[in-house]
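These notes concern the structure reproduced below.
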Amino acid sequence: MDNRHNIVNLKTYQASCTNCNLKDFCLASHLDVMELEQFERIVERSQPLQRGQHLYRQSDKFHNIYIVKSGSIKNYITMQDGAECIFGFYLPGELLALDSIAKGEYASSAIAQQTTYICKIPYPSFERLCQQIPHLQEKLFQIAASKIAEAYNRQLLLAQRNSEERFAVFLLNQSDQIGKNGYSKNVFYLSMARQDIANYLGLACETISRLFTRFNNEGILQVKKKLIRIRDQKRLMAIASPTGLYPVQTAYRSELNSES
């Protein structure tokens, strides 16, 4: 099983931002050498989170924003009846807790789905650094805007698409995010439980299990537990966007167009 995109040893993790292989994809992207050194001074690193360990909980006082260094995080809220509502899954390079800045407390909970390394950025320190590096704040705004668009697209997905379309979009988006980190977009490891995928997509767990089996039997995927191989990307893309109108990741459109 190829889990390289989910694994980092402690020596690599403790390396500077300058040597980090995620620096071109995270909040620190587009910083020059001197700016990156300033950014690194405010970044805090600690021991990894273990599977099932919370990074923060809903309603805790807000102190930090976080970047996933390695592993994966599930982001969710707990409803009044105790049920979970999953908002997203965060992979290496992604920024957490933007939804908590305005309120002063964490608007959701974040829990590790596997051994996960995190870069912690105290928000007061980040605000001061933004005064010295204005385009760092611009980058934060860009990421926040992207997350708003992502939430809007998810609402369209849940409202207008059937179960197989939702599932196909989910697989392509997971694959695309992993590919941004320099790993294969066609062979990857899904760290989340099938029940969590179902929750996120507004489907029954039995439906997700049937779709995994069906896509595997039809040669669209090869499924070995949590290891996924996309065998027929064109067909998966056609299922995800049958009319060509749904905003699936643009990287796939350009690849498919170039193959036509």
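Values quoted throughout were computed directly from the atomic coordinates according to the rules given, and no laboratory measurement underlies them. Treat the numbers as computed from the prediction; the structure is a model and nothing was measured. Heads up, the Cβs are rebuilt from the backbone with ideal geometry, glycines too, and the neighbour counts pull from every protein chain shown.
Tabulated values for the structure
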| item | result |
| --- | --- |
| Cα-based helix-to-principal-axis angle, 33-42 vs the chain, degrees rounded to 10 | 80 |
| Tilt relative to the chain, helix 205-217 - C-alpha long axis, 0 to 90 degrees, to 10 | 70 |
| DSSP-loop chymotrypsin sites (Phe, Trp or Tyr not before Pro) across region 72-170, with at most 11 other Cβ within 10 angstrom | none |
| Candidate values (1) -0.48, -0.74, -0.98, -1.14; (2) -0.25, -0.42, -0.63, -0.89; (3) -0.21, -0.36, -0.55, -0.78, label of the one derived for log10 I(q)/I(0) by the Debye sum over Cα atoms at q = 0.07, 0.09, 0.11, 0.13 Å⁻¹ | (2) |
| 32 Å Cα-Cα threshold exceeded, pairs from Lys103/Lys234; Lys69/Lys225; Lys61/Lys225; Lys180/Lys224 | Lys103/Lys234; Lys61/Lys225 |
| Sites excluded, trypsin sites (Lys or Arg not before Pro) in DSSP loops with at most 11 other C-beta within 10 Å, longest stretch of the chain | 104-224 |
| The chain, relative contact order in percent, only Cα pairs under 8 angstrom and at least six apart counted | 18 |
